[in-house]
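Trainee: So that we are looking at the same thing, I have put the structure below in structure tokens.
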Amino acid sequence: PTKIAVMTSGGDSAGMNAAVRSVVKMAIFKGCHAYVIREGWEGLVRGNDEDQGSNPTPHEESLDAGPESLAQPRREGKAAKIKFVPTYGEGELLKEGVSEAETVGLKGRYIVRVGWDDVRGWLDAGGTLIGTARCAAFREQAGRLKAAHNLIKHGIDALAVCGGDGSLTGADRLRAEWPELIGMLKDNGDITQAQFERYAHLKIVGLVGSIDNDLAGTDLTIGAATALSRICEAVDSISSTAASHSRAFVVEVMGRHCGWLALMAGVATGADYCFIPEQPPHGSWDDAMCDVLTKHKKAGKRKTIVIVAEGAIDKDLNAIKADDIKKVLEDRLGLDTRVTTLGHTQRGGRPVASDRILATLQGVEAVEALLEAKPETPSYVITIRENQVTRTPLMEAVKQTQLVAHKIETKDFDGALALRDPEFDE
Ligand code: F6P
């Protein structure tokens, strides 16, 4: 049978477990063998200690779980207590916190066959239970060569990668380089001619898992809705204490170079002012902000809420930091001001329903795309546009995303500000 592997990579996001579950179950449903790759690209580069040399995937026979295994009694209910490989060989169990290195029985094993039951209870679990990493080795060709070798050693026919723009850029690089990599492996005698032919075409698909909602080509990334909802809860809480004391709060939110979380949180909470990277103010940001806030104060508002994206920039594209805003609020408006940096509370925790659904639908589509992949079809990233789950060429999505990031980094002012309506703040 076709072997399909799934991994999570880069910053975790809520809904990644639902995506893994969906890929695993859909793969098994389609008669494939399902694998997870623990710890993202890092795990794929490392491979399994035990396979130095041969082609071992031990205990395979015991794992032919199909949908019929739905009938099996559920072993343990809670995601945190998931017995990751209960149907796997000797029944090695994972401790709580499945992705921890002290994982019983999985130490030194990153490519692991999984059965239907292994992903039960994963829909509502936060983070990623198979672990993730930001992998330096994979940025080098030597690392990608090891990753390619490990995929072939384990006979993995197709790979689904759930991650943000960095991880999907990695996926795209592996795709582009694949013919060269397998040529090198053959020349080194690491793979046979038969393997070279069988794995000539890399089947790879991306699932966009990121709280930042910053990948071109998709309306929403897996985890963004949960992060937004968490930010809103926090701002709601802050609002009541702010109103009680007639205080101002500057709330810094994540998003890297993308202002989606900040802007949507501003709309959803009725914040007084937002700073986002995509729309640096034309002139002095402090004047613009103070004008608006003064009007709000005159209208009788007790509290003041300013939301700042961590990547916010001024007209010269220098960072606008929460503490700079606080100083202006205190010095110019005389407001008693506090700063709250929400940090990683935005990223962890249980996914909201829409992230579970998005991840599940996209996981199904990812497996379909992998099974339909032909040498002549592009590798896809699974996206959602106008509420339709769709496939977008991975190369295109990565290229467009990098273009925007590049414009911001190189201060290509006009391009970076393409979203701005020039009349907006005049
Ligand atoms: O990309 C997701 C994200 O949470 C960004 O919003 C943030 O800038 C970054 O990751 C934080 O990374 P780390 O968890 O490595 O500190």
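Trainee: Here's a check for you: in the range 327-351, which residue that is under 31 Å from the mean Cα position of the chain (by Cα) and of a type in the set (D, E, K, R) is farthest from Met264 (Cα to Cα)?
Mentor: Arg338
Per-residue answers, yes or no, for (1) in contact with a Cys (Cβ under 6 Å, 6 or more places away or on another chain); (2) of a type in the set (D, E, K, R); (3) assigned to a helix (DSSP H, G or I):
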residue	(1), (2), (3)
Arg113	no, yes, no
Gly121	no, no, no
Gly126	no, no, no
Gly131	no, no, no
Cys135	no, no, no
Ala147	no, no, yes
Leu159	no, no, no
Arg173	no, yes, yes
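Trainee: Please determine whether any residue of the range 301-308 is touching an Asp or Glu at 6+ places or on another chain (Cβ under 6 Å) and within 14 Å of the ligand (Cβ to nearest atom).
Mentor: Within the range 301-308 (the criterion being touching an Asp or Glu at 6+ places or on another chain (Cβ under 6 Å) and within 14 Å of the ligand (Cβ to nearest atom)), the answer is yes, since at least one residue qualifies.
Trainee: Is there a residue being within 16 Å of the ligand (Cβ to nearest atom), assigned to a helix (DSSP H, G or I) and at pLDDT below 95 anywhere in the range 42-50?
Mentor: yes
Trainee: Is one or more of the residues making up the range 205-221 among the hydrophobic types (A, V, I, L, M, F, W, C), modelled with pLDDT of 95 or more, more than 16 Å from the ligand (Cβ to nearest atom) and surrounded by 24 or more Cβ atoms within 10 Å (Cβ to Cβ)?
Mentor: Kept after step one, since they are among the hydrophobic types (A, V, I, L, M, F, W, C), are these residues of the range 205-221: 205, 207-208, 211, 215-216, 220.
Imposing the further condition that a residue be modelled with pLDDT of 95 or more reduces the set to 205, 207-208, 211, 220.
Next cut, more than 16 Å from the ligand (Cβ to nearest atom) only: 205.
So of that shortlist, the ones also surrounded by 24 or more Cβ atoms within 10 Å (Cβ to Cβ) come out as 205.
Looking through the range 205-221, at least one residue is among the hydrophobic types (A, V, I, L, M, F, W, C), modelled with pLDDT of 95 or more, more than 16 Å from the ligand (Cβ to nearest atom) and surrounded by 24 or more Cβ atoms within 10 Å (Cβ to Cβ).
Trainee: Which one of these does Cys232 not meet: (1) surrounded by fewer than 23 Cβ atoms within 10 Å (Cβ to Cβ); (2) over 14 Å from Leu342 (Cα atoms); (3) free of Cβ contacts under 8 Å to residues at least 60 places away in the same chain; (4) among the hydrophobic types (A, V, I, L, M, F, W, C)?
Mentor: (2)
Trainee: Just the residues that are aromatic (Phe, Trp, Tyr) and within 16 Å of the ligand (Cβ to nearest atom), please, taken from the range 265-293.
Mentor: Passing the criteria: only Phe275.
Trainee: Among the residues of the range 174-189, count how many are of a type outside the set (A, V, I, L, M) and closer than 24 Å to Val6 by Cβ.
Mentor: 4
Trainee: Identify, please: which residue in the range 1-20 is surrounded by fewer than 24 Cβ atoms within 10 Å (Cβ to Cβ) and over 21 Å from Gly166 (Cβ atoms) and is, among those, modelled with the lowest pLDDT?
Mentor: Here the answer is Pro1.
Trainee: Identify, from the list Ala262, Ala242, the residue that is out of contact with any helix residue (DSSP H, G or I) (no Cβ under 8 Å at 6 or more places or on another chain), touching a residue at least 12 places away in the same chain (Cβ under 8 Å), within 16 Å of the ligand (Cβ to nearest atom) and not in a loop (DSSP other than H, G, I, E, B).
Mentor: Ala262
Trainee: For the list (1) within 16 Å of the ligand (Cβ to nearest atom); (2) assigned to a strand (DSSP E or B), I need the number of the one condition that Val339 fails.
Mentor: Answer for Val339: the failing condition is (1).
Trainee: Can you tell me which residue within the range 26-45, out of those that are of a type in the set (D, E, K, R) and surrounded by fewer than 24 Cβ atoms within 10 Å (Cβ to Cβ), is farthest from the chain's Cα centre (by Cα)?
Mentor: Out of the qualifying residues, it is Lys30.
Trainee: Restricting to the range 1-22, count the residues that are β-branched (Val, Ile, Thr) and over 15 Å from the mean Cα position of the chain (by Cα). Write out each step before concluding.
Mentor: We begin by selecting, within the range 1-22, every residue β-branched (Val, Ile, Thr); these are 2, 4, 6, 8, 20.
Checking which are over 15 Å from the mean Cα position of the chain (by Cα) leaves us with 2, 4.
Here the count works out to 2.
Trainee: Mind listing just one residue for me: the one in the range 371-393 that is aliphatic (A, V, I, L, M) and under 11 Å from Thr218 (Cα atoms) and, of those, surrounded by the fewest Cβ atoms within 10 Å (Cβ to Cβ)? Outline the logic, then answer.
Mentor: From the range 371-393, those aliphatic (A, V, I, L, M) are 371, 373, 381-382, 384, 389; that's our starting set.
With under 11 Å from Thr218 (Cα atoms) added as a condition, the list becomes 381-382, 384, 389.
Working: Val381: 31, Ile382: 29, Ile384: 20, Val389: 16.
In this case the residue turns out to be Val389.
The values are calculated or read from the model by the stated rules, or taken from the named source; none is laboratory data. Source: prediction; values computed, not measured. Virtual Cβ from ideal backbone geometry, glycine too; neighbours counted across all protein chains shown.
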